[in-house]
1. With a point put 7 Å past each Cα toward its Cβ, work out how far Ala88 is from Leu140 in nm, to one decimal.
2. Quick check: residue separation of Val167 and Leu249 times 0.36 nm, minus the Cα distance between them. What number comes out in nm?
3. When the chain is fully extended, how far beyond the present Cα-Cα distance does Ser131 get from Gln225, taking 0.36 nm per residue of separation?
4. Arranged from highest to lowest average of other beta-carbon atoms within 10 Å per residue, in what order do the peptides 84-95, 111-122 appear?
5. Per residue of the chain, what 222 nm ellipticity follows from adding -39500 (n - 2.57) for every DSSP H run with n ≥ 4, rounded to the nearest 500?
6. How much length is gained if the chain between Arg160 and Ser178 is pulled fully straight, taking 0.36 nm per residue apart and subtracting their Cα-Cα distance, in nm to one decimal?
7. With charges only on Cβ, +1 for K and R and -1 for D and E, what is the dipole size of the chain about its Cα centre, in debye, rounded to 20?
8. I'd like the orientation of helix 3-23 relative to the chain: the angle between its Cα long axis and the longest Cα principal axis, in ° from 0 to 90, rounded to 10.
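Each value in this text was obtained by applying a stated rule to the coordinates, not by laboratory testing. Given the structure is predicted, the values throughout are model-derived calculations rather than measurements. Here the Cβ positions follow ideal geometry from the backbone for every residue, glycine too, while neighbour counts run over all protein chains shown.
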Amino acid sequence: MAWPRVVGIALGAVIIGHSAAVAQSLPPGQREREARFGPLLANPREPGFFAAYLWGRSKQLGSRLATIGVGQTIALARSENWELAIGAGVFSQFNLESATSDLINTDYLVGFPLTYRRGDFATRFRLYHQSSHLGDEYLLHTGARRTNLTFESAELLFSREGTSWRVYGGGEYAFARSPSDLKPAVVRAGLEYRAARPLVRLGRLATGALITGLDVTATQARVWQPGWSLVGGLEMTTPGSAWHWSLLLKAYTGPTPYGQFYQDWLSSIGGGVSFAR
């Protein structure tokens, strides 16, 4: 896959997200009332639209990576306090050191999150499926052997939110999994900050507020070695829209969060753009 195709996929994700944003714009302030349990800012596998450029260090991945995500969570039923939704995402990584910008790995995720909010307290229970696949170009150029990695998991998270801060924690258990010796348990915790006042103003077009997030995930499959994901940047909001852009710097160290390489170790740093509700 040539580099222009990587750019094309990234732009396609942004265009799709922008079209959805225009179609689903809400009056000012309704975004906050609609949210039951917002997406985890620093989770590398949270359904949404994003593209990032990373410099990384690992045994199996290249030192220059492009990561792209296309996904969304859509409400199926809701009341004042709870919401049942379907959420799906596709997450791909490309080796930018390769002359053909090889597709390395793609993770497919689909689930049904049930979320509940009462005051500052919120929770998310989600049943989801994930499967992971190596890219054809990567297989041809490296001779790597594919692992049949697929699982169904039950996740339970709790969060407490203030005006600017959110703290969350919980875990999950993979009740059906392949390979059969894959350990089932995961624990997760995180902290997020969203500034109450804008840092940047673009007239009446948009405002930008400082945001930061830290997500720490430990899996039984990697003997509870933690993966640390840190992001920070600006969240750009347009008046009258439930959607926002985020310009983010990203850093990660820990077990690789890309499915086929879950037994590898990755350290990376870079930046990108995301588009989410």
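1. In this crude label model, Ala88 to Leu140 measures out at 2.8 nm.
2. On the way: separation 82, 0.36 × 82 = 29.52 nm, distance 2.04 nm.
Once the chain is fully extended between Val167 and Leu249, it gains 27.5 nm.
3. Details: separation 94, 0.36 × 94 = 33.84 nm, distance 2.20 nm.
Stretched fully, the Ser131-Gln225 segment lengthens by 31.6 nm.
4. 84-95, 111-122
5. So the helix-based figure for the chain works out to -3500 deg cm²/dmol.
6. 3.1 nm
7. Computed charge dipole of the chain: roughly 460 debye.
8. 30 degrees
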